[in-house]
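Report on one structure; see the data block that follows.
The values are calculated or read from the model by the stated rules, or taken from the named source; none is laboratory data. Because the structure is a prediction, the values reported are computed rather than measured. Cβ sites come from the backbone with ideal geometry, for glycine too, and all protein chains shown count toward neighbours.
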Amino acid sequence: MKANKILYLLFATSLFMQSCDKFEYNHYQVDLSDEYMNINQQNINQLRNSGSDTIKLALIGDSQRFYEGASKAVDRINQIRDIDFIIHTGDLVDFGTQKEYKLIHDVLKQLNAPYITVIGNHDLIGNGSKVFREMYGPYDFTFMFKGYKFIYLNTNAREFNFSPNVPDISWLDKQLADTSSYKQAIIVNHVPFNNDDFNPALRDDYYNTINKYPKTLISINGHNHNYVFTPSMMGSVPFLNTSSPKNGEFIILKIWEDQFTHRFVNE
Amino acid sequence: MRKQQYILLILLCLSITVRAQDSSSSPFLKKLIPTGAQGQFAGNIGMISIGPNWNLYKEKIHLEYSFGVVPENEFLKPIYSSALKLRFTPWKINIDDKTHLYPASLGIAMNYTYGERYNKYNNPGQYERGYYWWTTAMRFGTFYQIEISRSFDTKFFKEAGVYFETSIWDLDLYNYSANENYMELSYMELLTLGAGFRIYF
């Protein structure tokens, strides 16, 4: 009987020794605590004007399951001085689970400067759409920094079964229309307009809208996992595709007046 | 509507379970009668899951069905799922004449989460097959259990035990495999815990 009791005791303590959040209910469960909520807006509120006229940004994207690589990119970005903020071009996670969202945020919150994320197609899988809304906020949003307008746009049309509202062209047009309110506009989205996952019915609309107004500086996207720069052709808006940080890759983008330079960092 | 059907199904399973006691039907039907039942907390098959199990081979191999529920919260409506587990229990140690220890049960598990948003392939116009290589509604896992049980002299069941479970699931393993050298993603991120009770008829 005594051995019996000891065994029961061991069994019970082994249960309590384990941390409680390892008792997972379902891969698609959502039960976020406050520390994981509204990150985009909180990070926008943290933006500080350094006084310099130049904006210096680091761009990453498609972090998905590459926590190790993303962590390497974070360490490298933290060594660079005067980074104003970091743009993540979407696909934070691979399978849209809350567990992955928390893991990647735990990596990205180590960044010295705030990071602001657009939604990617993988982020929307399962209850990922719900997790993103709670953790990061709206899919389409804008913010101003040093007079520049950053427009984040959901272009993951396939996930919305090619709905005529994804991407929301009329919203985009409205954001760009008042050109007197901003110096230059920077558009951030996940799926590039020439990709199969972009809404084919809205491809031309997107291209024409961003080129309609004279102060659109650049369109930044991810999804392809490889760094590609498509320069301006006869005054059209140039495109910059971020790399996945599999081995710690990222891009440094400097913006001043109506100009920019960029550098791909892979070593 | 669908939810109610699943709940009815589980009630049906339980009613068969109860009937097992006074069964005198054919040998084939007898095989369908559950030889036990289990209830579990967590373990990625629902916050609470219950269902019958069947002894397939000499009380060493069991098949378990569990219907699981994650209750509604501020973020989500309830999640319903069904799990099948194949459990191999090689050892039974008698601690005394009424207390038993099953030191290691190993098995494989599948969990299917109901709901359109978890099933990516019901609209072929939206996704080509294989666009996402994994199955979004079905999860596969392996598990280890340790169980301690006690014999009872009742009409309804002859033995009842409690168990503790550690499981590893496909997506977590895949995530982990891309980060073998990343210390922050410890093996604990890989593991999922669960605990439950089991009765033997």
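Please give the helices (runs of 4 or more DSSP H) falling wholly within the stretch A:33-109 in which 2 or more residues are in contact with a helix residue (DSSP H, G or I) (Cβ under 7 Å, 6 or more places away or on another chain) and buried (at least 19 other Cβ atoms within 10 Å of the Cβ).
A:67-79, A:98-108
Residue check, residue B:176 against (1) under 23 Å from residue B:51 (Cβ atoms); (2) within 11 Å of chain A (Cβ to nearest Cβ), all met but one. Which one?
(1)
Quick test of your reading of the structure: residue B:117 fulfils all but one of (1) closer than 30 Å to residue A:163 by Cα; (2) more than 11 Å from chain A (Cβ to nearest Cβ); (3) among the basic types (Lys, Arg). Name the failing condition by number.
(2)
Could you please give the count of residues in the stretch B:133-147 that are buried (at least 18 other Cβ atoms within 10 Å of the Cβ), over 17 Å from residue B:62 (Cβ atoms) and either more than 10 Å from chain A (Cβ to nearest Cβ) or in contact (Cβ under 8 Å) with a residue 24 or more places away in the chain (or both)?
Total meeting the criteria: 2.
Of everything in the stretch A:72-89, what is without any contact (Cβ under 8 Å) to a residue 12 or more places away in the chain and of a type in the set (S, T, N, Q)? Give them in sequence order.
Residue satisfying the conditions is A:79 alone.
Show the residue pairs meeting these rules: Cβ distance below 7 Å; 6+ apart or different chains; first residue within the stretch A:52-71 and more than 13 Å from chain B (Cβ to nearest Cβ) and of a type outside the set (A, V, I, L, M); second residue buried (at least 24 other Cβ atoms within 10 Å of the Cβ) and not in a loop (DSSP other than H, G, I, E, B).
Pairs found: A:61/A:88.
Check residue A:30 against each of (1) crowded, with 19+ Cβ neighbours inside 10 Å; (2) closer than 30 Å to residue A:195 by Cα; (3) within 14 Å of chain B (Cβ to nearest Cβ); (4) out of contact with any Gly (no Cβ under 6 Å at 6 or more places or on another chain) and name the one condition it does not meet.
(2)
Among the residues of the stretch A:145-184, write down those that are more than 20 Å from residue A:57 (Cβ to Cβ), surrounded by fewer than 23 Cβ atoms within 10 Å (Cβ to Cβ) and either among the aromatic types (Phe, Trp, Tyr) or within 14 Å of chain B (Cβ to nearest Cβ) (or both).
A:158, A:160, A:161, A:162, A:163, A:166, A:171
Kindly indicate which of A:251, A:220, A:187 is in contact with a helix residue (DSSP H, G or I) (Cβ under 7 Å, 6 or more places away or on another chain), surrounded by 14 or more Cβ atoms within 10 Å (Cβ to Cβ), β-branched (Val, Ile, Thr) and under 26 Å from residue A:123 (Cα atoms).
A:187
Can you find, within the stretch B:126-149, the residue that is modelled with the lowest pLDDT among those that are among the aliphatic types (A, V, I, L, M) and in a strand (DSSP E or B)?
B:138
What's the total number of residues in the stretch A:239-264 that are within 18 Å of the chain's Cα centre (by Cα) and β-branched (Val, Ile, Thr)?
Qualifying residue count, the stretch A:239-264: 3.
Given the structure, is residue B:167 assigned to a strand (DSSP E or B), more than 16 Å from the chain's Cα centre (by Cα), more than 8 Å from chain A (Cβ to nearest Cβ) and touching a residue at least 40 places away in the same chain (Cβ under 8 Å)?
Here the answer is no, as residue B:167 does not meet what is asked.
Quick check, is residue B:86 within 21 Å of the chain's Cα centre (by Cα) and of a type outside the set (Lys, Arg)?
Against the criterion (within 21 Å of the chain's Cα centre (by Cα) and of a type outside the set (Lys, Arg)), residue B:86 qualifies.
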